[in-house]
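The values are calculated or read from the model by the stated rules, or taken from the named source; none is laboratory data. What you are looking at is a predicted structure, and each value in this text was computed from that prediction instead of being measured. Positions of Cβ are generated from backbone atoms using ideal geometry, with glycine treated the same way; all protein chains shown enter the neighbour counts.
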Amino acid sequence: MADALRIGIAGLGTVGASVVRMLGDKGAELTRQCGREIAPVAVSARDRARDRGIDLGNTQWFDDPVELASSAEIDVYVELIGGEDGPAFESVRAALEAGRHVVTANKALLSKRGVELAAIAERNGVLLNYEAAVAGGIPVIKTMREALAGNQVTRVFGILNGTCNYILTRMEAEGLSFEECLREAQRLGYAEADPTFDIEGHDTAHKLSILTSLAFGCRISADDIYLEGISNISQADIRAAGELGYRIKLLGVAQKSENGIEQRVHPTMVPTSSVIAQVHGVTNAVAIETDMLGELLLSGPGAGGNATASAVIGDLADIAKSRPGFQHGPVFGRPAKELAPYRRAAMRSHAGGYFIRLTVQDRLGVFAAIARRMADNAISLESIVQHGDVTQAEQKTVILVTHETTEAAVRKAVDGITKDGHLVDKPQVIRIERAA
């Protein structure tokens with residue numbers, strides 16, 4: 001049997017502690033599967049004295065993760081520190097430069113520095129594995145990087161943030177407000193004390209940028225993503241979606257066209273009959289559309305200690321099974337130096353149409369003004385519904401569902417309606433994905 005694969009782990013929070021625990025609990029089975037032991041021999045964290053409920057008696061402690069990363073005592077450096085710069089970046093770079101394999105769950109690091117780190121890994125003939133960085137325990141990276149060889153991906157989209165999906169699920173199921181659901185998510189540990197990164201879509205955007213690179217062979221560009229969060233989703237939107245046969249999800253969508261690549265993160269209405277509409281709670285789902293296979297949907301736990309640790313251990317097992325001299329595949333599906341520059345495409349005509357909710361003053365001429373703004377921008381309406389509010393007798397809610405049209409046309413029409421002075425509240429615009 002081959003010598004043990006020696007692991008150094010930096011970051012002993014929920015995920016790091018779960019990795020150590022799983023390696024202990026599943027050690028014998030992993031040895032049988034991989035043909036060698038996977039042994040944690042060194043760790044680094046901020047607080048030595050903290051009780052993490054794991055046995056660290058046989059491991060060497062490093063106060064400096066960079067020192068751990070370049071240590072000759074390890075074969076693989078596992079980075080679970082987090083953050084796009086600082087110790088996370090410095091330690092991963094040090095490990096790769098020292099010829100150590102790296103496993104990371106750090107989506108922020110990869111979305112900013114991934115191509116740079118991939119080039120170092122490929123130059124030094126070592127692996128940079130990151131299954132845990134996107135969609136938790138779902139093996140979407142391995143699927144896109146290996147299992148779909150020969151397929152041309154045309155579109156990738158999905159539910160990539162469990163916090164947002166949990167909030168939207170609770171809002172629909174229990175009729176709670178966004179604020180109430182957010183507080184509950186924070187109480188349960190699904191959302192941070194400052195939830196902005198999750199609820200405003202930044203977490204989803206980081207993950208989407210990585211999937212985009214894998215799907216289309218381009219450099220990562222997390223800053224070129226159209227971004228909307230869910231903080232402005234109300235019970236009025238949830239109810240209207242249900243009445244129309246839709247459910248609201250926060251989706252990350254990337255698709256390629258002749259003009260470049262379109263990346264967007266935003267609340268989306270999907271048909272309640274679709275598979276992705278049945279993904280509830282903190283579960284994630286990723287759909288991949290290809291020329292040969294058609295559409296593939298992967299779904300499973302998207303966050304949490306065990307789900308993320310499972311993905312980390314899967315990456316470690318892949319490294320343990322490899323042998324010296326084996327030529328490793330490129331980090332992002334093609335060599336880093338061959339990744340095409342990212343070319344942003346304008347948001348295309350949206351085939352699913354748009355949901356537009358307007359709260360207007362109940363007076364003569366309002367409907368005519370709305371219809372005129374839609375016509376002026378060549379927007380065809382599939383339906384228009386008016387709701388009265390018994391608590392606000394002088395205002396009405398108007399819900400419009402458009403046929404296929406462009407983002408620019410919808411925004412121009414809504415801006416015009418706003419300037420007409422008929423609105424008493426901020427307009428709501430949500431895209432409809434019919435094919436989801």
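Counting only strands (runs of 3 or more DSSP E) that fall entirely inside segment 238-354 and contain at least 2 residues that are surrounded by fewer than 22 Cβ atoms within 10 Å (Cβ to Cβ) and of a type in the set (Ser, Thr, Tyr), the qualifying elements are 283-290. Among the residues of segment 241-290, those identified as over 22 Å from residue 142 (Cα atoms), β-branched (Val, Ile, Thr) and under 15 Å from the mean Cα position of the chain (by Cα) are 265, 268. Looking across segment 179-190, just one residue is in a helix (DSSP H, G or I) and small (Gly, Ala, Ser), and that is 185.
When you go through 66, 78 one by one, which is the residue that is among the aliphatic types (A, V, I, L, M) and farther than 16 Å from residue 7 by Cβ? Residue meeting the stated conditions: 66.
For residue 91, all conditions in the list (1) within 30 Å of the chain's Cα centre (by Cα); (2) at pLDDT below 95; (3) of a type in the set (S, T, N, Q) hold save one; what is the number of the exception? Failing condition for residue 91: (2). Contact map, segment 70-82: residues that are farther than 30 Å from residue 197 by Cα paired with residues that are aliphatic (A, V, I, L, M) and part of a loop (DSSP other than H, G, I, E, B), Cβ distance under 7 Å, separation 6+ or inter-chain. Pairs shown: 70/98. Return yes when residue 245 is in the same structural domain as residue 114 (by TED's automatic domain parsing) and either over 27 Å from residue 172 (Cβ atoms) or out of contact with any Leu (no Cβ under 8 Å at 6 or more places or on another chain) (or both) and no when it is not. So residue 245 fails the test.
Among residues that are in contact with a Phe, Trp or Tyr (Cβ under 7 Å, 6 or more places away or on another chain), exposed (fewer than 14 other Cβ atoms within 10 Å of the Cβ) and in the same structural domain as residue 113 (by TED's automatic domain parsing), residue 32 is not included.
Let's see how each residue does on (1) of a type in the set (A, V, I, L, M); (2) more than 17 Å from residue 100 (Cα to Cα); (3) in contact with a Ser or Thr (Cβ under 7 Å, 6 or more places away or on another chain); (4) modelled with pLDDT under 95:
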site	(1), (2), (3), (4)
8	no, no, yes, no
43	yes, no, yes, no
51	no, yes, no, yes
66	yes, no, yes, no
82	no, yes, no, yes
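Condition first: in the same structural domain as residue 315 (by TED's automatic domain parsing), on the phi > 0 side of the Ramachandran plot and either out of contact with any strand residue (DSSP E or B) (no Cβ under 9 Å at 6 or more places or on another chain) or hydrophobic (A, V, I, L, M, F, W, C) (or both). Can you find one or more residues in segment 104-122 that meet it? No, segment 104-122 contains no residue that is in the same structural domain as residue 315 (by TED's automatic domain parsing), on the phi > 0 side of the Ramachandran plot and either out of contact with any strand residue (DSSP E or B) (no Cβ under 9 Å at 6 or more places or on another chain) or hydrophobic (A, V, I, L, M, F, W, C) (or both).
The listed residues are 66, 43, 20, and the only one of them that is among the β-branched types (Val, Ile, Thr) and in contact with an Asp or Glu (Cβ under 7 Å, 6 or more places away or on another chain) turns out to be 66. Looking across segment 68-100, just one residue is loosely packed, with under 15 Cβ neighbours inside 10 Å, closer than 15 Å to residue 42 by Cα and of a type in the set (D, E, K, R), and that is 73. Scanning segment 37-51 for residues that are of a type outside the set (A, V, I, L, M, F, W, C) and surrounded by 17 or more Cβ atoms within 10 Å (Cβ to Cβ) returns 37, 40, 44.
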